[in-house]
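Below is one structure, written out as structure tokens; the observations come after it.
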Amino acid sequence: MLLVGAGFAGIYLLDRLRDEGFKVKTHEAASGLGGIWHWNCYPGARVDSKADYYQFALKDVWHDWDWSERFPGWEEMRAYFRHLDRKLDLSRDICFSTWVRAARFDEAERLWLVESETVDGTKVETRAKFFVVCCGHGFVPYIPKFAGLDAFTGACYHTAQWPQKGVSMAGQRVGVIGTGASGIQVAQEAAKVARSLTLFQRTPAMCLPMRQRTLDAADNRRLRETLADSLKARENSYGGVDFDFDPRLAVDVSARDRDALFESLWSRGGLDYWLANFADSLSDPRANAYVYEFWRDKVCARIQDPTVAELLAPTIAPHPFGTRRVALEQTYYDLFNERHVELVDIQTNPIDEITTQGVRTRNTEFEFDLLVIATGFDSVTGGLTQIDIRGADGTSLEDKWSTGVRTYQGICTAGFPNLLFTYGPQAPTAFCNGPTSAEYQGECIVDCLRSLRDKQITRFEARIEEEKRWGELCRQLATPTLFDQANSWYMGANIPGKHREMLMFTGGLPLYLEELRKSHAAGYQDYLLD
Ligand code: FAD
């Protein structure tokens, strides 16, 4: 069996499948473990989920691990992955710096023929009964086609391609294009040391207060007292976290009760104001407007210049609150009160070109020493389609999905026997805490592979009619939500030409797992088995 990727999902499967007696190898493009925490080593890269639940329950690896912060940075995540390696002895079965380029299913042999390439250009061919791609949802950086980008003579990096040895921003004139989660994180660090910082904003991010704090040994001891239960409870929450939406409707409660919940979520910090808010906050425009207004008042109170405040938190919401990825901030809204920080609205003053010295917009020319491209990813599908995966009849996955994704249960797709994938389209993915998804979706895949082996089934494939049903279910679940009203990467809308559709299963983790477990209980009769 060949796995791709050594982030949370690939690690979970490697460990569990070995336990079950499968012969497994992993190919990983990075030189180390960690998935996105290997690549995203830009200053300020930090988890937006609390460490309490952004970790494995697997084999109690949490028992002898202490977190130093409530929201760990990338260095600490890397240390955590080294801890996993020591506990689970992972690296012995992982080929690092090995990039999987192509894979095709050989029908006669019922094998996947997989082509990989190592960092020194050596080609490796692997034959595998099952090909399991755990490439995550944010592996392929997206860089818009800016005219002149190659001509820039300063340093220029996408946040996910940041040099591993680091880049100093001290005393530099720094430009950051993009104000999503990564742009905000890097800007907060740049503002501390840079000579000047210019942020180019297309769509204002709706950031929530992180309320970071350090954790000492006593905090960690207290955390561990209830950790086993709270990690287990994650599977019962919508987002695989240790809290859930408030069952009340914002439109039904009094203004006093509404504000009481808003204030309490705001003071808790983290993603709670997004994912523990009223049950109708992401589906009823009136409820969403209450959520937005409260958020806007809090944010505007921190920004001195009313023109800048209007750009960062407009009177009329540019899209419903929470329908684009919500980011956490520590100092973001305060930065704009500092003289060396400037916000450029590229809706009204678009970027015309990148020059040798910096950025030319319609109205102004800016000079930079360092240009940070924080424009996100070809999310959710990009990691899968960057590999030239060809199914039983030679069709490529990229072609199959060019008019929209089609999967069954978010783990496989018709025409591609014995191919499985994790944290991809039509699964909870970006609406589910990463480690929770790795463990629970991962365990469903382990159940499936074990069952196939026990029944001596060598060919496993999604049925077209079930795939259609799953697509319809995904659409039905997404229809009552407000997500369609934002041009987000959730909708594939950040990539020119990409089919616009909700890429995730929006029914929440419990419903998703119920569906997968039903298939297991029924002996996978909803699949084509041979
Ligand atoms: P990844 O961690 O993305 O790992 C995938 C691995 O596959 C990578 O190591 C990659 O190198 C490898 N790979 C991909 N293609 C190939 C190939 N062709 N050949 C070889 N190797 C390949 N989630 C949260 O729940 N909370 C957060 O706060 C959070 N913050 C995030 C911040 C950023 C900047 C990003 C990009 C994502 C964030 N996520 C967050 C989502 C995150 O992806 C998951 O939390 C988690 O990392 C998913 O694990 P994974 O193993 O599925 O994927």
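The values are calculated or read from the model by the stated rules, or taken from the named source; none is laboratory data. All of these numbers come straight from a predicted model, not from anything done at the bench. Counting neighbours? That spans all protein chains shown, and the Cβs are built from the backbone with ideal geometry, glycine included.
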So residue 73, is it within 13 Å of the ligand (Cβ to nearest atom), buried (at least 17 other Cβ atoms within 10 Å of the Cβ) and at positive phi:
no
Test residue 517 against the stated conditions and say whether it is outside any helix (DSSP H, G or I) and either more than 21 Å from residue 285 (Cα to Cα) or without any contact (Cβ under 8 Å) to a residue 40 or more places away in the chain (or both).
no
Considering each residue of segment 124-164, count those that are surrounded by 20 or more Cβ atoms within 10 Å (Cβ to Cβ) and small (Gly, Ala, Ser), and give that number.
3
Considering each residue of segment 113-124, count those that are part of a strand (DSSP E or B) and within 14 Å of the ligand (Cβ to nearest atom), and give that number.
7
Among the residues of segment 383-410, how many are part of a loop (DSSP other than H, G, I, E, B) and not hydroxyl-bearing (Ser, Thr, Tyr)?
12
Can you work out which of the residues in segment 79-92 that are within 28 Å of residue 123 (Cα to Cα) and within 14 Å of the ligand (Cβ to nearest atom) is surrounded by the most Cβ atoms within 10 Å (Cβ to Cβ)?
81
Checking residue 103 against (1) within 12 Å of the ligand (Cβ to nearest atom); (2) in contact with a Phe, Trp or Tyr (Cβ under 6 Å, 6 or more places away or on another chain); (3) within 30 Å of residue 178 (Cα to Cα); (4) of a type in the set (Gly, Ala, Ser): exactly one of these is not met. Which one?
(3)
Taking segment 411-425, which residues are within 15 Å of the ligand (Cβ to nearest atom) and assigned to a loop (DSSP other than H, G, I, E, B)?
411, 422, 423, 424, 425
One residue from 461, 439 being under 30 Å from residue 23 (Cβ atoms), in contact with a Lys or Arg (Cβ under 9 Å, 6 or more places away or on another chain), at pLDDT 95 or above and surrounded by 20 or more Cβ atoms within 10 Å (Cβ to Cβ):
439
Does residue 422 satisfy the condition of being closer than 23 Å to residue 389 by Cα and either assigned by TED's automatic domain parsing to the domain that holds residue 50 or buried (at least 21 other Cβ atoms within 10 Å of the Cβ) (or both)?
yes
Select, from 374, 430, the only residue that is closer than 30 Å to residue 50 by Cα, within 12 Å of the ligand (Cβ to nearest atom) and surrounded by fewer than 21 Cβ atoms within 10 Å (Cβ to Cβ).
430
Being within 27 Å of the chain's Cα centre (by Cα) and modelled with pLDDT of 95 or more is the requirement here; does residue 237 meet it?
yes
I need a count of the residues in segment 352-393 that are touching a residue at least 24 places away in the same chain (Cβ under 8 Å) and either closer than 21 Å to residue 502 by Cβ or within 20 Å of the chain's Cα centre (by Cα) (or both).
15
Residue match in segment 4-13 (condition: within 13 Å of the ligand (Cβ to nearest atom), without any contact (Cβ under 8 Å) to a residue 60 or more places away in the chain, in contact with a Phe, Trp or Tyr (Cβ under 9 Å, 6 or more places away or on another chain) and not in a loop (DSSP other than H, G, I, E, B))
no
Condition (residue is modelled with pLDDT of 95 or more, touching a Pro at 6+ places or on another chain (Cβ under 8 Å), crowded, with 22+ Cβ neighbours inside 10 Å and outside the structural domain of residue 430 (by TED's automatic domain parsing)) applied to segment 240-257: is it met by at least one residue?
yes
What are the residues in segment 1-41 that are of a type in the set (A, V, I, L, M, F, W, C) and more than 20 Å from the chain's Cα centre (by Cα), if any?
1, 2, 14, 17, 22, 24
Take segment 475-500 and flag every residue that is more than 19 Å from the chain's Cα centre (by Cα) and in a helix (DSSP H, G or I).
475, 476, 477, 485
Could you list, ordered by first residue, the pairs with Cβ atoms under 7 Å in which the first is in segment 25-43 and closer than 17 Å to residue 387 by Cβ and assigned by TED's automatic domain parsing to the domain that holds residue 79 and the second is part of a loop (DSSP other than H, G, I, E, B) and more than 6 Å from the ligand (Cβ to nearest atom), at least 6 apart or interchain?
28/96; 30/96
Please work out which residue is farthest from residue 390 (Cα to Cα), limiting yourself to segment 125-157 and to residues that are within 11 Å of the ligand (Cβ to nearest atom) and in a strand (DSSP E or B).
141
Would you point out which residue out of 48, 52 is touching a strand residue (DSSP E or B) at 6+ places or on another chain (Cβ under 6 Å) and within 21 Å of residue 327 (Cα to Cα)?
48
Restricting to segment 14-35, give me the number of residues that are part of a loop (DSSP other than H, G, I, E, B) and either touching a Pro at 6+ places or on another chain (Cβ under 6 Å) or more than 7 Å from the ligand (Cβ to nearest atom) (or both).
8
